[in-house]
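*Asks:* Right, I'll just put the structure down here and ask away after.
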Amino acid sequence: MITLKHVYKQFDISKKRHIKALNDVSLTIQDNTIHGIIGLSGAGKSTLIRTLNQLETHDEGEISVFGYQDIKRLNKESTRMLRRRMGMIFQSFNLLESKTVLNNILFPIRVQRKLHQADYQKAYDIINDVGLKGYASSYPHQLSGGQKQRVGIARALINDPEILLCDEPTSALDPLTTKQILALIKRLKHKHHLTVVLVTHDMHVIKAVCDEVTVMHEGMPVESGTIDNILFNPTHPITKELVQLIGFNMHDVAKKINKPGLVMSLKFPKHLTGESLISTCINKLDVEINILFANVTPNTEGIMLINVNGSEQNQVKPYLEKQGVVIKDA
Amino acid sequence: MHDFDMYFKAFNETVYMTLISTIITFVFGLVLGVLLYVTSAKGLKPNKQVYAFLSAITSIGRSIPFLILIVLLLPFTRFIIGTILGPSAALPALIIGAIPFYARLVELALLEKGKTLSETGVSFGATNTTIITRIMIPESKASLIRGITVTSIAIVGYTSIAGAIGAGGLGNLAYLYGYARNRQDVTIIATLLIIALILLIQLIGDLIVKRFTPN
Ligand SMILES: Nc1ncnc2c1ncn2[C@@H]1O[C@H](COP(=O)(O)OP(=O)(O)OP(=O)(O)O)[C@@H](O)[C@H]1O
Ligand SMILES: [Mg+2]
């Protein structure tokens with residue numbers, strides 16, 4: 001578990017200009033999850049992820065990882081040890097151009113000690129695992145962007161880290177390659193029981209892989225939760241705009257609709273996805289339900305926006321809630 | 001003395017001065033350049049005072065005209081070489097003139113990919129020494145070699161200035177015969193030999209870059 005408590009980080013541009021890149025960040029990142037951090041440019045996402053391995057030291061607050069109370073207080077050697085327990089991948093891949101794929105991947109071990117035969121075996125296994133079979137002796141400039149990021153991922157995993165930090169790992173890639181790289185990260189997360197922290201400005205990336213999301217705005221986390229909850233119940237204006245971008249525009253729809261009656265948002269838990277609750281409800285209660293919007297979350301929960309007659313809402317609401325549907329007024 | 005022997009001797013002297021100076025400049029320029037990079041604002045361990053000091057020496061060293069540098073260094077040269085005449089006596093001035101030149105090129109080369117590369121190393125848990133010696137320098141090999149090639153060519157130019165005041169070499173020949181004895185043909189041949197030497201250095205530099213970079 002990674003915990004941040006009241007973390008602050010300020011950059012002093014000049015004597016008079018200071019940028020509060022992190023402005024009271026408190027956040028918990030659970031083990032074995034893919035935790036997305038999204039926000040507009042300049043929101044402080046990169047600064048946040050870089051404090052986790054102390055590429056950036058925070059000014060105030062505590063960051064606890066691996067049972068250390070505050071990683072800022074570790075000495076140099078312990079900080080290096082901490083970093084070796086975390087892999088990091090970058091937007092621009094940051095491969096060593098003068099080294100082959102194999103040597104790039106082995107490099108994090110090489111900086112610590114002499115290589116053993118077993119290290120080579122391990123590197124070849126990882127090369128196969130990330131889909132680069134046959135590329136061990138290629139140089140980075142001979143690879144495509146997607147392949148380069150695969151090397152980056154392999155290199156980040158060579159030390160068996162428990163945490164994988166990703167700062168915009170797919171922002172330099174096309175949509176299809178992005179999808180493949182995200183799928184790879186997801187698979188490797190399961191295989192190696194990783195905790196993944198993933199910074200992105202693309203809501204599609206969040207939707208594709210993240211279990212949990214934190215929305216950053218002006219150095220502050222303004223909203224945090226499971227992807228399904230964020231999609232169903234975004235509260236911050238930025239979050240509302242972000243979820244619209246991936247087809248969850250019910251807030252817009254709700255605002256535009258000017259039918260009489262009541263507009264409600266419904267969330268159907270997973271186990272209800274196969275049921276025909278709405279039509280049963282209409283038949284049983286003899287009411288009218290107008291469906292304005294419907295979509296399915298990444299965890300296959302249904303989200304729906306309905307419009308019911310004012311006098312019938314007192315029947316509809318209790319009925320659906322009894323079936324296990326979560327309801328909120330829109 | 002036959003003309004051929006004369007050219008041969010002068011050519012050898014120029015090659016000797018250039019080679020020794022280039023080798024020593026490479027070592028010390030690299031060290032100074034790395035220190036400049038490390039302490040610069042965007043370096044691994046920024047240190048304003050140290051950087052300002054190193055940077056000032058480097059800039060001053062680069063801005064003293066070479067002819068004046070030779071004269072300034074005369075006592076020093078006499079002290080460590082024992083004479084102020086001949087190719088060896090030119091070495092201190094050549095080296096001291098070239099080190100700041102190369103050091104700046106090294107600093108620029110390292111800064112070019114500096115931030116991303118050093119952070120990558122830091123994220124692996126590498127020490128600063130490892131980052132410099134195993135990441136920054138190897139990744140900047142091509143620029144560092146191109147830099148020493150340019151420096152070496154500049155040194156050839158300096159040797160001709162040094163030659164004019166008694167260091168020997170092709171510069172000396174061109175000056176002595178062409179200017180003092182009005183033998184244009186010697187000046188032209190000496191110039192052609194200097195050009196040939198410069199082209200050779202460039203060629204060797206390019207070959208080394210090719211040999212050491214994957215492509
Ligand atoms: N080293 C630095 N020096 C000065 N200012 C910085 C530095 N790093 C970040 N900042 C500033 O801090 C703020 C947050 O930057 P950060 O890089 O964390 O944003 P971000 O959310 O990652 O944005 P982007 O999506 O553009 O990458 C920005 O205003 C940025 O200009
Ligand atoms: Mg960023």
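*Asks:* Rounded, prolate or oblate: which one fits region B:57-171, using the alpha carbon gyration tensor with axes a ≥ b ≥ c (rounded when a/c is under 1.5, else prolate when a/b beats b/c, else oblate)?
*Replies:* Numbers: a/c = 3.13, a/b = 2.65, b/c = 1.18.
Prolate is the answer for region B:57-171, as a/c is 1.5 or above and a/b outweighs b/c.
*Asks:* Based on the Cβ-Cβ distance of A:N283 and B:T129, what FRET efficiency does E = 1/(1 + (r/R0)^6) give at R0 = 60 Å, to the nearest 0.05?
*Replies:* Working: r = 76 Å, r/R0 = 1.27.
Efficiency for this residue pair is about 0.20.
*Asks:* Out of all DSSP beta bridges in the protein assembly as shown, what portion is antiparallel? Express it as a percent rounded to 5.
*Replies:* Working: 38 of 57 bridges.
Approximately 65 percent, going by the DSSP bridge assignments.
*Asks:* Which whole number gives the average count of other chain Cβ atoms within 10 Å of the Cβ atoms across peptide A:86-98? Before the final figure, lay out the partial values.
*Replies:* Working: counts 3, 2, 5, 1, 4, 1, 2, 2, 7, 2, 8, 8, 9.
Partner-chain Cβ atoms within 10 Å, mean over residues of A:86-98: 4.
*Asks:* How many nm is it between the label spots at A:Q180 and B:K9, if each spot is 7 Å from the Cα in line with the beta carbon?
*Replies:* It is 6.9 nm.
*Asks:* Run the reach check for A:K322 against lysines, Cα to Cα strictly under 17 Å, same-chain hits fewer than 8 apart removed. What comes back?
*Replies:* A:K267, A:K270, A:K284
*Asks:* Could you work out how much longer the chain between A:Q69 and A:K256 gets when fully extended? Use 0.36 nm per residue separation minus the Cα distance between them, nm to one decimal. Don't skip to the end; give the middle numbers.
*Replies:* Numbers: separation 187, 0.36 × 187 = 67.32 nm, distance 4.92 nm.
Extra length available between A:Q69 and A:K256 comes to 62.4 nm.
*Asks:* Can you tell me how region B:2-210 classifies by the Cα gyration tensor, rounded, prolate or oblate, using a/c under 1.5 as the rounded cut? Let's see the in-between values first.
*Replies:* Working: a/c = 3.15, a/b = 1.94, b/c = 1.62.
Judged from the Cα gyration tensor, region B:2-210 comes out prolate (a/c at least 1.5, a/b above b/c).
*Asks:* I want to check a number: in region B:2-210, how many lysine pairs have alpha carbons closer than 16 Å, given a sequence separation of 8 or more or different chains? Show your work: numbers first, answer last.
*Replies:* Details: B:K42/B:K113; B:K42/B:K115; B:K45/B:K113; B:K45/B:K115; B:K113/B:K141; B:K141/B:K210.
So the count works out to 6.
*Asks:* A further question on this structure: Considering only protein heavy atoms, what is the solvent-accessible area of B:I68 at a probe of 1.4 Å, reported in Å² to the nearest 10?
*Replies:* The value for B:I68 is about 90 Å².
*Asks:* Then there is this: Give the average, rounded to an integer, of partner chain Cβ atoms located within 10 angstrom of each Cβ in B:115-123. The partial results should precede the final answer.
*Replies:* Numbers: counts 0, 5, 3, 1, 7, 12, 5, 7, 16.
Shielding by partners across B:115-123 averages 6.
*Asks:* Given the protein chains as shown and a 1.4 Å probe, how many square angstrom of A:K284 are accessible, to the nearest 10?
*Replies:* 150 Å²
*Asks:* Right, another one. Roughly speaking, what is the stretch gain from B:A180 to B:A41, that is 0.36 nm per residue apart minus the C-alpha to C-alpha distance, in nm to one decimal?
*Replies:* Values: separation 139, 0.36 × 139 = 50.04 nm, distance 5.13 nm.
Extending this stretch completely gives an extra 44.9 nm.
*Asks:* For the charge dipole of region B:2-210, defined by +1 on Lys and Arg C-beta atoms and -1 on Asp and Glu C-beta atoms about the Cα centroid, which residue among B:F11, B:L72, B:L170 has the Cα displaced farthest towards the positive pole?
*Replies:* The listed residue farthest towards the positive side: B:L72.
*Asks:* Counting only Cα atoms, I'd like the Rg/Rh figure for the protein assembly as shown, Kirkwood definition for Rh. Present the calculation step by step, with values, prior to reporting the outcome.
*Replies:* On the way: Rg = 33.4 Å, Rh = 28.3 Å.
Ratio of gyration radius to Kirkwood radius: 1.18.
*Asks:* Please work out the FRET efficiency for the pair A:H116 and A:K328, using the Cβ-Cβ distance as r and a Förster radius of 56 Å; give the result to the nearest 0.05.
*Replies:* Working: r = 58 Å, r/R0 = 1.03.
Using R0 = 56 Å, I get an efficiency of 0.45.
*Asks:* Please check which bits of region A:34-52 a label hung off A:S26 would reach, taking the label as a point 7 Å along Cα-to-C-beta and the cut-off as backbone N under 11 Å.
*Replies:* The answer is none.
*Asks:* Rounded to the nearest 10 degrees, what's the angle between the helix A:145-157 long axis and the longest principal axis of chain A, both from Cα atoms, 0 to 90?
*Replies:* 70 degrees
*Asks:* Right, next: Could you calculate the FRET efficiency of A:H271 with A:N309 from 1/(1 + (r/R0)^6), where r is the beta carbon distance between them and R0 is 25 Å, rounded to 0.05? Write down the numbers at each step before the final one.
*Replies:* Working: r = 28 Å, r/R0 = 1.14.
Between A:H271 and A:N309 the formula returns 0.30.
*Asks:* Treat every Asp and Glu Cβ in chain A as -1 and every Lys and Arg Cβ as +1, leave all other atoms uncharged, and give the resulting dipole magnitude about the Cα centre to the nearest 20 debye.
*Replies:* Numbers: 40 positive and 33 negative charges, 226 e Å.
My answer is approximately 1080 debye.
*Asks:* Which whole-angstrom value gives the distance between the alpha carbon centres of region B:36-63 and region A:271-330?
*Replies:* The distance from the Cα centre of region B:36-63 to that of region A:271-330 comes to 69 Å.
*Asks:* Could I ask something else about it? I want to verify a result. In a Gaussian network model of chain A, Cα cutoff 10 Å, which of these has the top mean-square fluctuation: A:R113, A:R50, A:R85?
*Replies:* Comparing A:R113, A:R50, A:R85 in a Gaussian network model of chain A, the most mobile one is A:R113.
*Asks:* Once you have the Cα-Cα distance between A:H6 and A:L40, take 0.36 nm times their residue separation minus that, and quote the gain in nm to one decimal. Provide the component values of the computation, followed by the final result.
*Replies:* Numbers: separation 34, 0.36 × 34 = 12.24 nm, distance 2.10 nm.
Length gained, A:H6 through A:L40: 10.1 nm.
*Asks:* For the protein assembly as shown, what is the calculated [θ] at 222 nm in deg cm²/dmol (nearest 500), taking -39500 (n - 2.57) for each run of four or more DSSP H residues and dividing by its residue count?
*Replies:* Values: 20 runs with 281 residues, N = 545.
Result for the protein assembly as shown, helices only: -16500 deg cm²/dmol.
*Asks:* Against the longest alpha carbon principal axis of chain B, how many degrees, from 0 to 90 and to the nearest 10, is the axis of helix B:114-124 turned?
*Replies:* Once rounded, the angle reads 50 degrees.
*Asks:* While we're here: Give me the one-decimal nm value for the distance between modelled label points at B:L203 and A:Q142, 7 Å along each residue's Cα-to-Cβ direction.
*Replies:* For B:L203 paired with A:Q142, the spin-label model returns 2.9 nm.
*Asks:* For the Cα atoms of chain B, what angle does the longest principal axis make with the long axis of helix B:87-112, in degrees from 0 to 90, nearest 10?
*Replies:* The angle comes out near 30 degrees.
*Asks:* How far is it, in nm, from the label point at B:A196 to the one at A:A172 when both lie 7 Å from their Cα along the line to the Cβ?
*Replies:* If labels sit at B:A196 and A:A172, their model points lie 4.7 nm apart.
*Asks:* Starting from the amide H of A:V222, placed 1.01 Å from N in the peptide plane, find each other amide H under 5 Å away whose residue is 5 or more places distant or on another chain.
*Replies:* Close amide H contacts, sequence-distant or interchain: A:V215, A:M216, A:H217.
*Asks:* Something else now. Need one number for region A:217-330: average projected area of the convex hull over its C-alpha atoms, nm². Mind showing how you got there, number by number?
*Replies:* Values: hull surface 29.3 nm².
Average projection, Cα convex hull of region A:217-330: 7.3 nm².
The values are calculated or read from the model by the stated rules, or taken from the named source; none is laboratory data. For clarity, every value in this text was computed on a predicted model and none was experimentally measured. Reconstructed Cβ throughout: ideal geometry from the backbone, glycine too, with neighbour counts over all protein chains shown. Remember, those area values only see protein heavy atoms, side chains included, never the ligands or the DNA or RNA. Shrake-Rupley method; radii C 1.70, N 1.55, O 1.52, S 1.80 Å.
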